[in-house]
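Here the structure is laid out as structure tokens; the discussion comes afterwards.
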Amino acid sequence: MAYKRSVYWFTHDQRLEFNSLFNDIIQKSEEVAFIFVVNERWLQERNYQHQVLGSNRRSFLVDSLEELALQLTKYGYRLTVLWGDPVKQVKRFITKYNIDTLVGCSQFGYFEQRQWQSLANSLPEVKIINRYLSTLFDPYQVPTNLKTFSQFRTQVENNETVNTFRQVNDLFPYAHQIPIESDDLAASDHHLLKLTPKVDLLSQCHAQRFFAGEKSAQYHLSSYFSGTAPKQYKQTRNELDGWTNSTKFSPYLANGNLSPRQIWSAVTHYEHEFGENESTYWIKFELLWREYFQWLCRQQGASLFNFQGLAKSAPTTTFLPERFKAWCCGQTPYPIVNACMKQLNATGFMSNRGRQIVASCLVNELAVDWRYGAAYFQQQLIDHDVASNWGNWQYIAGVGVDPRGGRHFNLSKQSERYDPNNQFIEQWGGEKNTLILDSQDATGWPCTDPL
């Protein structure tokens, strides 16, 4: 045994299979515990007056954690859910249970990286092990100075390492569960309940439900690649709705129920069995876009949240509360935008095309600071990923790495192309609203403390 007492801190890696870190730690430790920390700030309206975890996100997270806890019981372990400041709670747990090794998924978000660094600085006697479980590549395989996506793709897409992953095996004996005291067990159950009541994602009769957790993710992966959808992906991916028009892997990637390497491998296997075409390649292409934003997020650090971003000058947008509220509620003068936003609010999900349309509207038509849109997406989306979300918003706003300086979509043309019969608009009640009247501009801006 390499370690005496270890604790695995789950974050964006909520799975046991295709998780080499879990595989290693239960074989190399004498005793082990598993924790998840609910950051108390997630439920406070301090991220541009929005929560980090909105109701749909909370529901999806609770379901994912309950599935993770169930999976752990099969190995004789339990999941302990802590509540509060992550650094303080992890330090308290380590001290209380005399932990010598802390392990977890390598983080890409600026604030998450700071948490791990704080723990390393304050616990020099504890061995800290991080592993890249949420990306296709490891750092040594990625360009050190990221610029455009094209440059990144050219350098990495033929890397053979993408096809490798490890699965839990049946080697014995496994590490024993560290005995958890009754007060932590009771608090764990209470904290899970505190995230409820759950929101029914079928609140709209036409809403399509995502079932959270590792088993649901594996079922969806198998189901998607058992049909013809992968061969048609490039033609259908921009549709505003429809379960098989896009892969729907993003919620499972965001929570770590699936590994991106697992999906890449599934695409490769599908190509070997049924043949490859432009559509199967495009699934990998989208995975590379996600990968690009992960490493760009790590490179940018705190500037990912800056108004000016990477641009030479700040945007000319501002904060206009009536416009922003109308956008959030789906009550703008643009029916296609209204329909997309109402879909988001009801289900916690929106197509990639829809996200580009509504983001362009907020920045260009409504002239609102892009960060408020990014914060609202962070609150609402069940598949929120800090790198992809904030990186894509910078891209649309013209303050990211896009050499063309932002994106401005013609909303009428988008409607004609992707909803020619107004079916989507009618389905989601995207009626045109009256012109929005502004009562003030930048005075009284909401709190800007992103998480």
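The values are calculated or read from the model by the stated rules, or taken from the named source; none is laboratory data. Predicted, not measured: the structure shown is a model, and the values here were computed from it. Cβ sites come from the backbone with ideal geometry, for glycine too, and all protein chains shown count toward neighbours. These accessible areas exclude ligands, DNA and RNA; they are computed on the full protein's heavy atoms, side chains included. Shrake-Rupley method; radii C 1.70, N 1.55, O 1.52, S 1.80 Å.
Might you let me know whether segment 274-282 holds any residue that is closer than 19 Å to R153 by Cβ, touching a residue at least 60 places away in the same chain (Cβ under 8 Å) and open to solvent by 20 Å² or more (accessible area, probe 1.4 Å)? So far as segment 274-282 goes, no, none of its residues is closer than 19 Å to R153 by Cβ, touching a residue at least 60 places away in the same chain (Cβ under 8 Å) and open to solvent by 20 Å² or more (accessible area, probe 1.4 Å).
Against the list (1) open to solvent by less than 80 Å² (accessible area, probe 1.4 Å); (2) at pLDDT below 95; (3) in contact with a Phe, Trp or Tyr (Cβ under 7 Å, 6 or more places away or on another chain); (4) of a type in the set (F, W, Y), the condition F409 fails is (3).
Just one of (1) closer than 27 Å to S246 by Cα; (2) modelled with pLDDT under 95 fails for Q308. It is (1). Apart from one condition, V142 fits all of (1) more than 30 Å from L43 (Cα to Cα); (2) over 22 Å from the mean Cα position of the chain (by Cα); (3) among the β-branched types (V, I, T); (4) at pLDDT 75 or above; the exception is (2). Among the residues of segment 97-109, not a single one is under 30 Å from L287 (Cβ atoms), of a type in the set (V, I, T), open to solvent by 10 Å² or more (accessible area, probe 1.4 Å) and touching a helix residue (DSSP H, G or I) at 6+ places or on another chain (Cβ under 9 Å).
Every test in (1) surrounded by 12 or more Cβ atoms within 10 Å (Cβ to Cβ); (2) part of a helix (DSSP H, G or I) is passed by G400 save one, and that test is (2). Among the residues of segment 208-242, those identified as hydrophobic (A, V, I, L, M, F, W, C) and within 19 Å of the chain's Cα centre (by Cα) are F210, F211, A212, A217, L221. For segment 40-61, the set of residues classified as over 15 Å from the mean Cα position of the chain (by Cα) and open to solvent by less than 10 Å² (accessible area, probe 1.4 Å) consists of N47, Y48, listed by residue number.
Of all residues in segment 367-391, those satisfying the criterion of being among the aliphatic types (A, V, I, L, M), crowded, with 22+ Cβ neighbours inside 10 Å and part of a loop (DSSP other than H, G, I, E, B) are L381, I382. Candidates are the residues of segment 334-365 that are open to solvent by less than 10 Å² (accessible area, probe 1.4 Å) and in a loop (DSSP other than H, G, I, E, B); the one that is farthest from K432 (Cα to Cα) is G348.
Considering only residues in segment 287-331 that are touching a residue at least 40 places away in the same chain (Cβ under 8 Å) and hydroxyl-bearing (S, T, Y), the one that is surrounded by the fewest Cβ atoms within 10 Å (Cβ to Cβ) turns out to be T316.
On the stretch given as segment 117-139, residues that are open to solvent by less than 10 Å² (accessible area, probe 1.4 Å), closer than 30 Å to F152 by Cβ and either part of a helix (DSSP H, G or I) or aromatic (F, W, Y) (or both) total 1.
For segment 9-48, filtered to residues that are out of contact with any helix residue (DSSP H, G or I) (no Cβ under 6 Å at 6 or more places or on another chain) and basic (K, R), the residue that is nearest to R78 (Cα to Cα) is K28.
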